[in-house]
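Please find one structure pasted underneath; my questions will follow.
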Amino acid sequence: MLDNLGNLQRTHSCGALRTEDVGKSVTLMGWVARRRDFGELTFIDLRDRDGITQVVCNSNEAPEAHAKAKEVRGEYVIAVTGEVTLRDDSQPQSEARNG
């Protein structure tokens with residue numbers, strides 16, 4: 001499962017994403033605080049020193065990323081690249097969709 005990051009560099013910290021970042025492609029790096037598996041969707045709470053961002057991996061949109069997301073465990077250090085989207089109104093925090 002170990003992948004080489006190559007020239008991948010973090011664009012934002014987990015606590016830095018805001019509504020003005022919606023639609024942007026970002027790269028986040030941090031520790032897995034929690035992973036929740038709901039079949040076609042896997043949610044990862046990614047944390048760094050600045051905060052937590054929810055990463056959503058969809059098996060239909062990004063099957064390779066979704067397969068890797070199913071393998072991660074708590075405290076793994078990972079990097080994700082994806083588009084920032086808003087969560088629904090009942091949970092008004094930003095998230096990065098991996099794809």
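The values are calculated or read from the model by the stated rules, or taken from the named source; none is laboratory data. Note that the structure is a prediction, hence the values are computed from the model and not measured. Cβ atoms come from the backbone with ideal geometry, glycine included; neighbour counts cover every protein chain shown. Heavy atoms of the whole protein, side chains included, go into the accessibility calculation; ligands, DNA and RNA do not. Shrake-Rupley method; radii C 1.70, N 1.55, O 1.52, S 1.80 Å.
Looking at (1) touching a strand residue (DSSP E or B) at 6+ places or on another chain (Cβ under 9 Å); (2) modelled with pLDDT of 95 or more, which is the only condition N60 fails?
(1)
Have a look at E64, E75, E83, E71 and point out the one that is open to solvent by 40 Å² or more (accessible area, probe 1.4 Å) and on the phi > 0 side of the Ramachandran plot. Quick ask: steps written out before the conclusion?
On the way: E64 fails: on the phi > 0 side of the Ramachandran plot; E83 fails: on the phi > 0 side of the Ramachandran plot; E71 fails: on the phi > 0 side of the Ramachandran plot.
Matching residue, one of E64, E75, E83, E71: E75.
Another one. Of all residues being small (G, A, S) and open to solvent by less than 50 Å² (accessible area, probe 1.4 Å) in the range 1-22, which is farthest from E71 (Cα to Cα)? Just the residue, please.
A16
For (1) modelled with pLDDT under 95; (2) touching a helix residue (DSSP H, G or I) at 6+ places or on another chain (Cβ under 8 Å); (3) in a helix (DSSP H, G or I); (4) on the phi < 0 side of the Ramachandran plot, each residue gets a yes or a no:
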{"position": "G6", "(1), (2), (3), (4)": "yes, no, no, no"}
{"position": "T11", "(1), (2), (3), (4)": "no, no, no, yes"}
{"position": "L28", "(1), (2), (3), (4)": "no, no, no, yes"}
{"position": "W31", "(1), (2), (3), (4)": "no, no, no, yes"}
{"position": "T53", "(1), (2), (3), (4)": "no, no, no, yes"}
{"position": "D88", "(1), (2), (3), (4)": "yes, no, no, yes"}
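From (1) part of a strand (DSSP E or B); (2) within 25 Å of N7 (Cβ to Cβ); (3) more than 11 Å from the chain's Cα centre (by Cα), pick out the condition that doesn't hold for E64.
The single condition E64 does not satisfy is (1).
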